[in-house]
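Data first, discussion second: the structure below is written as structure tokens.
Bear in mind that the values in this text are calculations on the coordinates, not laboratory data. Fair warning: this is a prediction, and the values are worked out from it, not measured in the lab. Reconstructed Cβ throughout: ideal geometry from the backbone, glycine too, with neighbour counts over all protein chains shown.
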Amino acid sequence: MSALLLAGFLGLGSASALAAESAPVTSANDSATLVTDRDAVGPDQHLRVGLRLQLKPGWHTYWINPGDAGDTPTLDVTADGGATGKGGPIHWPVPVRISEGGLMSYAYVNEATLPEDLVLKGSSGTTLHAHGEWLVCAQVCIPESGDFTLTLPASAQDAPEGAQAALFHKADAAMPVTSPFAASVSADGVLTLSGKGLSAASVSQAWFLPQDGGVIDQVADQKLHVSDGQLTLGLKFLKSAHRDKPLVGVVVLKDAAGQESPLQIEARPVGGAASAPAPVQADQASGAEVPTGAGWLRVLLFAFVGGLILNLMPCVFPVLAMKALSLAKMGGAGRGMQLQSALFYTIGVMGAFAALGIVMIGLRLAGSAAGWGFQFQSPGFVVGVCWLLFLMGLNLLGVFEVSAGRLGQVQTGGGRGGDMMTGLLAVIVATPCTAPFMGVAIAGALGGPPVMGVLVFLAMGLGLAFPYILVAGVPGVASRMPKPGAWMGILKQVLAFPLFATCVWLLWVAAIQRGVTFVALTAGGVVLLGFAGWIYGVGQRRSMLEGGRGTVAFCRVVAALCVVVCGAALAQGLRAAPAPVAAGAVEAGVEPFSEARLAELRAQGKPVFIDMTASWCITCMVNERVALDVPSVQEAFRSRGIVFLKGDWTNRNAAIAAFLKAHGRDGVPFYMYYAPHQEGVVLPQILTPGIVTSTIGK
């Protein structure tokens, strides 16, 4: 009997020990649990809770200030049951410094416990519910999270320390203590500690960890000088720093024996320095630097050049072909008409860019991860553009005219409205493409003040419209264009076929997004809209030749009904369950992108090539055909054992959006190559076989 009692007592002791730690949340990189310093709770118990992270070798997580890259861990704890309460802020042990690639990180390695205080109200047992989020990094960074539950029984009095109390003692030993020394900082970044006990014998090394980012150059050397009663550290303020505010953080003093003493300081500013104007500031959403002040001139220039290069992107070719017709018409037009055409085309382009920028900035402010070309991730938008281009092709073929005029007259754009519509259409079909220089510009636009963001998008629009402005505005250029004649009618009809080819491409995109049934609906809409355009043209001709109002009205009503039916069918198709075709799923030698797979390959020391693409991005498709899917490049991949990871952004994908944003991009194409055990190299957005092979051969 005594043996049974002893066994039962030991079993209860084991259960009590386990009660101080929750079930783990594990990944390939770490294991996370919720721990407490007590195994039970007494009346109105003061409890300490913490997020315990056990990290695999080579991985780290971050301090309250992650440094130049990273993210701050969070832990939200609530207690319910007989005793209730809510956890306070995390108390932060002093981290280690990791300097790599010109960046500084403040991090925890191996194992870390991040404690909070939890004051309970009540005299019965309690159940803790916690949600934690943290970022773990090695060669790549992976956001992780976990939900934890821990039930603690009631104790008649204050419960003693439990099985996990040692974790909290270890964390306390790494906590900074309030500095006994007076602290000040000058406008030129000299941090001074003054007081008894400071000397060259007691301090051999020292460094400062700022509590907030965006204050000092964290990787810059901190020059130390120690004399009796005083210590100075030379810091390099960023131009964005508010030098008239106290400098808060931790100074770590290290003696000759290697003993470290972390001190929490709040250094008062001396010298009356005012805040310097800021060329850069931190984007709160991504941690990336966002230009301000003079830095915006560079971003605006990049936006203009990026818009200018968009004219060379394959996606814009169909619309530029239409503008070629307008340019040809300019050869015989007066200078006033030339300037007017350029003006209204530019208004259409810049207005469309401004509207697109406002929508993207608004979505970002609302928390969405919308990126450049995001609208093409909507099947409804893809189909709408397909139908619009098909109708424009019919118009170029003369099936109907967009404006009234004498029968047989060559219509090249419909006047001011036609020029503005052409500019709008150019922007619509240009947005799947990302030209060189646009990545920096878009990142700045989405991360900075909304007004500046809209100006960046307007600069891109000006760049796209600039060649047309140049032709119209420079005397003599338009006059050298071929003179109008009968050949223009043939050219007008020929230009319908690039638009029809674009419709075929959009049908393919719709198939990938929603499946073949949705494509059948889209194709049926094409037929119905073709009938609508034809009967509308019949009405136009009848009106011009015979003036039959009844017939004209009938034709217009029928055409309008066809458009309504198409809209209703599209709405019904969008409500149906999608059956998308996975683009690239059967490609030999290609794996789908994921952060976990990338981390696994990097840990194994394998070279990796990443292709972030989308079916609606014509530039992506062209790069694949001319630079990636060619024998020389494929052989280079095979001979070097390079793993090809493809991220398909045709449909919305939060993981791909996060990866792009982490690398300062908001659209595709995006290419990156990781050599074994080295940092990634970003390739240009326009590829050639030589660019790819030279990059992977370095």
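How much length, in nm to one decimal, is gained on full extension between A523 and A200, taken as 0.36 nm per residue of separation minus their Cα-Cα distance? Mind dumping the intermediate values first?
Details: separation 323, 0.36 × 323 = 116.28 nm, distance 8.19 nm.
Gain on extension, A523 to A200, equals 108.1 nm.
If we sort 149-158, 490-499 on the protection proxy, mean other Cβ atoms within 10 Å, highest first, what's the order?
Those peptides, ordered most packed to least, come out 490-499, 149-158.
Counting DSSP beta bridges in region 590-697, what percent are antiparallel, to the nearest 5? Write out the running numbers ahead of the final one.
Working: 8 of 17 bridges.
Rounded to the nearest five, the antiparallel share is 45 percent.
Set the Förster distance to 60 Å, then compute FRET efficiency between R638 and D228 from the Cβ-Cβ distance, nearest 0.05. Don't skip to the answer; put the middle values down first.
Numbers: r = 68 Å, r/R0 = 1.13.
Efficiency, from the Cβ-Cβ distance: 0.35.
Specify the inter-centroid distance of region 620-653 and region 487-519, based on alpha-carbon positions, in whole Å.
Cα centroid of region 620-653 versus Cα centroid of region 487-519: 25 Å apart.
Over region 19-138, what is the mean sequence separation of C-alpha contacts under 8 Å (at least six apart), divided by residue count, expressed as relative contact order in percent?
Result for region 19-138 is 33 percent.
Rounded to the nearest 20 Debye, what is the dipole magnitude of region 177-270 about its Cα centre when Lys and Arg each give +1 and Asp and Glu each give -1 at the C-beta?
So the dipole magnitude of region 177-270 works out to roughly 160 debye.
Please compare each pair in K86/K236; K239/K661; K196/K245; K56/K236; K492/K646 to a cut-off of 32 Å on the Cα-Cα distance and tell me which ones are over it.
Beyond 32 Å between Cα atoms: K86/K236; K56/K236; K492/K646.
Report the full-extension gain for the segment V565 to A596: residue separation times 0.36 nm, less the Cα-Cα distance, to one decimal in nm. Spell out each step's value before the answer.
On the way: separation 31, 0.36 × 31 = 11.16 nm, distance 4.58 nm.
Length gained, V565 through A596: 6.6 nm.
Could you sort 20-32, 346-358 so that the peptide with the highest average Cβ count within 10 Å comes first and the rest follow in order?
For the peptides 20-32, 346-358, the packing ranking is 346-358, 20-32.
Stretched out fully, how many nm does the piece from V270 to T74 gain, at 0.36 nm a residue minus the Cα gap?
67.1 nm
Which aspartates and glutamates have a Cα lying under 19 Å from the Cα of K606, excluding residues fewer than 8 positions away in the same chain?
Partners within reach: E591, E595, E635, E679.
In nm, to one decimal, how far is the K56 label point from the Q572 one, both placed 7 Å along Cα→Cβ?
For the pair K56/Q572, the computed spacing is 5.1 nm.
Please work out the FRET efficiency for the pair V190 and V109, using the Cβ-Cβ distance as r and a Förster radius of 30 Å; give the result to the nearest 0.05.
Efficiency computed from Cβ-Cβ geometry: 0.45.
Assuming R0 = 56 Å, what is the FRET efficiency of A658 and F554, from their Cβ-Cβ distance, to the nearest 0.05?
With R0 = 56 Å, the Cβ-Cβ based efficiency is 0.55.
Can you tell me the order of 531-544, 169-182 when each peptide is scored by its average per-residue count of other Cβ atoms within 10 angstrom, highest first?
Listed from highest to lowest mean packing, they are 531-544, 169-182.
If I model a spin label at V96 and A220 as a point 7 Å from the Cα along the Cα→Cβ vector, what separation in nanometres do I get?
Label-label distance for V96 and A220, simple model: 2.7 nm.
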